[in-house]
Amino acid sequence: MHDISRFKWTAALILLCTLLAGFASAQEVRQLPSPAGEGSGQSNLTVTRDGRVLLSWIERLDKGRFALRFAAREGAGWSAPRTIAEGSNWFINWADFPSLLALPDGTLAAHWLVKSGAGAYAYDVAIARSQDGGKTWSAPVTPHRDGTQTEHGFVSLFPSEGRLAAVWLDGRETQTQTKQDGASKPSDEHAHGEMTLRYATLDRSGVVTSSERLLDARVCECCQTSAANTSEGVVVVYRDRSEREVRDISIVRRLSDGRWTQPATVHADNWQIDGCPVNGPSVAAEGRRVAVGWFTLAGGTPRVQLAFSKDAGATFGQPFKVDDGDPIGRVEVLMLEDDSALVVWIERTKTGGEVRARRIYADGRADKALTVAPSGTARSSGFPQAARTRTSVVFSWTGTTRVLTAEMPLARKR
C-alpha cells in the first residue's frame with residue numbers, strides 16, 4: 001500500500017513538473033476581442049522591434065472593393081484599425097494572402113495582390129512602406145519587372161542587410177499562347193511552363209535595388225513560401241517540384257557573403273502528387289537554430305512534421321511527428337527557448353476541426369497539444385497565424401464569419 005501511494009505521488013509530481021515546464025494549460029488560451037469586421041479573412045501577424053504584435057487582414061467593402069487593414073495588440077485587446085490600402089481590382093484568395101512586416105529600423109512594409117489582366121491567375125505583387133507607424137503609406141511598387149499577365153504571389157517579406165527583401169512564386173514561364181479566332185491570350189492553366197521562385201530587394205524609398213534573382217526554376221505552383229533570418233544569413237523554405245512530381249520541402253540560403261545556395265531538400269518524404277496541395281511550409285530561426293514545419297501525405301498518411309537544424313539550415317535532423325493523427329496541415333512555426341519550437345496546425349475532428357499548438361523540443365520530446373480554438377477544415381478557414389512576444393503567443397485564424405484572435409501566456413523558463 002505504501003508503494004502504491006508513493007507511485008501515485010511520483011506520478012502526480014511528474015505531471016505537475018511537465019505542466020510547469022511547458023506552456024500554460026489550455027484553459028489559459030484567452031480569446032481576444034477581434035478588431036476585424038464581419039466578412040474579414042486572410043490574417044497575418046508580425047512583431048515590432050519594441051515587442052508589439054500587429055495583426056493585418058482583408059476586409060470586404062461595398063461595391064466590390066477591399067481594404068487591407070491592421071491593428072496593434074494593446075490593453076485587453078487591439079487598437080482601432082488603420083487602413084493600409086484599398087482597391088477594387090485585387091486578387092483575393094484563401095491561401096495567397098497579404099502580409100505585414102515590422103522591420104528592425106521601425107519601418108512597416110505590407111504586400112497585397114492586384115489583378116493584371118483578365119486571366120484567373122493574372123496578378124502582380126504590390127508592396128508599400130510606412131515610416132510613421134502605419135499612419136501614412138507610400139505608393140505601392142512591384143518587385144518583378146517581367147510584365148506578363150501571370151501569377152505572382154505567395155510572397156514572403158523579410159529584412160536583409162538593411163533593405164526590405166521579398167521572395168515570391170513567379171509564373172512568367174507559365175505563359176503560353178493559344179490561338180482563338182485569330183487572336184492569342186495567356187492560358188489560365190498552371191500546367192504550361194514552370195512556376196519559379198524569385199527574389200528581389202527594395203530600398204527605403206521603394207526602389208528595387210537588385211535585379212530579380214532566380215532561386216529555383218521549378219517549384220510547386222501554389223504553396224506558401226516562408227523566410228527567416230539566422231545569424232549566418234536568410235533561409236527560405238518552399239514546396240519544390242521534381243520531374244517525377246515529388247513535391248517535398250526545399251530550402252535555399254543567402255549566405256553572409258551574399259551568395260545563394262542551390263536548393264536542398266529538408267527531408268525526403270517522397271510525396272508524389274500530380275497537383276499542388278496548397279499546403280506550404282513554415283520556418284523560424286534564432287541564431288544558428290532553425291525549425292521547419294510542414295504537411296505531407298506521403299504514403300497516404302497525413303502528417304505534420306518538424307525538423308531542426310543546428311547549423312543555420314545547412315543540414316537538418318530527422319523530422320518529428322507533430323499532429324494527433326488526422327491533420328489537414330496549414331502549418332505555422334515559432335522558435336522558442338530551450339531548443340524548442342511551437343507548431344500550429346489544423347487537426348480534423350469528429351465535429352469539424354481545431355486549431356492546435358504543440359511544443360516540440362530538439363531531442364524529439366513533445367508537450368501535450370493545446371486546442372487554440374474550434375475551426376472548420378474548408379478553404380474558407382484559411383491558415384492560422386502565430387506571433388511570439390517575450391511573455392505570450394498571439395494567434396489569429398478565420399472563424400465562421402470573421403478573423404478571430406487569442407493569446408496564450410508563455411511559461412517561465414525552467
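Could you tell me which of the residues I328, I360 is in contact with a Lys or Arg (Cβ under 8 Å, 6 or more places away or on another chain) and at pLDDT 95 or above?
Selected residue: I328, the only one of I328, I360 that is in contact with a Lys or Arg (Cβ under 8 Å, 6 or more places away or on another chain) and at pLDDT 95 or above.
For S375, are the conditions met, namely being more than 18 Å from L334 (Cα to Cα) and out of contact with any helix residue (DSSP H, G or I) (no Cβ under 9 Å at 6 or more places or on another chain)?
Criteria not met by S375.
Of all residues in the range 379-414 being in a loop (DSSP other than H, G, I, E, B) and β-branched (V, I, T), which is least open to solvent (accessible area, probe 1.4 Å)?
Here the answer is T389.
So is K350 open to solvent by 30 Å² or more (accessible area, probe 1.4 Å) and free of Cβ contacts under 8 Å to residues at least 12 places away in the same chain or not?
Yes, satisfied.
Of the residues F158, F97, F154, which is in a loop (DSSP other than H, G, I, E, B) and surrounded by 17 or more Cβ atoms within 10 Å (Cβ to Cβ)?
Within the list F158, F97, F154, the selection yields F97.
Which of the following residues is under 24 Å from E232 (Cβ atoms) and in contact (Cβ under 8 Å) with a residue 40 or more places away in the chain: D339, D363, D324, D367?
Sole residue among the options that is under 24 Å from E232 (Cβ atoms) and in contact (Cβ under 8 Å) with a residue 40 or more places away in the chain: D339.
Here's a check for you: in the range 332-347, which residue that is acidic (D, E) and part of a loop (DSSP other than H, G, I, E, B) is surrounded by the most Cβ atoms within 10 Å (Cβ to Cβ)?
Step by step, filter the range 332-347, then rank; the result is D339.
Among the listed residues G329, G325, G353, identify the single one that is part of a loop (DSSP other than H, G, I, E, B), over 15 Å from V29 (Cβ atoms) and in contact with a strand residue (DSSP E or B) (Cβ under 9 Å, 6 or more places away or on another chain).
G325
Could you grab me the full set of residues in the range 72-92 that are hydroxyl-bearing (S, T, Y) and outside any loop (DSSP other than H, G, I, E, B)?
T83
For the range 360-378, give me the residue count where each residue is more than 19 Å from Q31 (Cβ to Cβ) and open to solvent by 20 Å² or more (accessible area, probe 1.4 Å).
The qualifying residues number 9.
Could you check the range 362-375 and list, in sequence order, the residues that are part of a strand (DSSP E or B) and either closer than 15 Å to Q305 by Cβ or polar (S, T, N, Q) (or both)?
A366, T371, S375
Identify, from the list G147, G133, G171, the residue that is out of contact with any Gly (no Cβ under 7 Å at 6 or more places or on another chain) and touching a residue at least 40 places away in the same chain (Cβ under 8 Å).
G171
Checking the conditions here, which among E59, E74 is open to solvent by 40 Å² or more (accessible area, probe 1.4 Å), free of Cβ contacts under 8 Å to residues at least 24 places away in the same chain and within 16 Å of S396 (Cα to Cα)?
That would be E74, the only listed residue that is open to solvent by 40 Å² or more (accessible area, probe 1.4 Å), free of Cβ contacts under 8 Å to residues at least 24 places away in the same chain and within 16 Å of S396 (Cα to Cα).
What tally of residues in the range 21-46 results from selecting those that are modelled with pLDDT of 85 or more and not in a strand (DSSP E or B)?
Selection size over the range 21-46: 10.
The values are calculated or read from the model by the stated rules, or taken from the named source; none is laboratory data. The structure displayed is predicted, hence computed values, not measured ones. FYI the Cβ positions are ideal-geometry reconstructions off the backbone, even for glycines, and counts take in every protein chain you see. Accessible surface areas use protein heavy atoms only, side chains included; no ligands, DNA or RNA. Shrake-Rupley method; radii C 1.70, N 1.55, O 1.52, S 1.80 Å.
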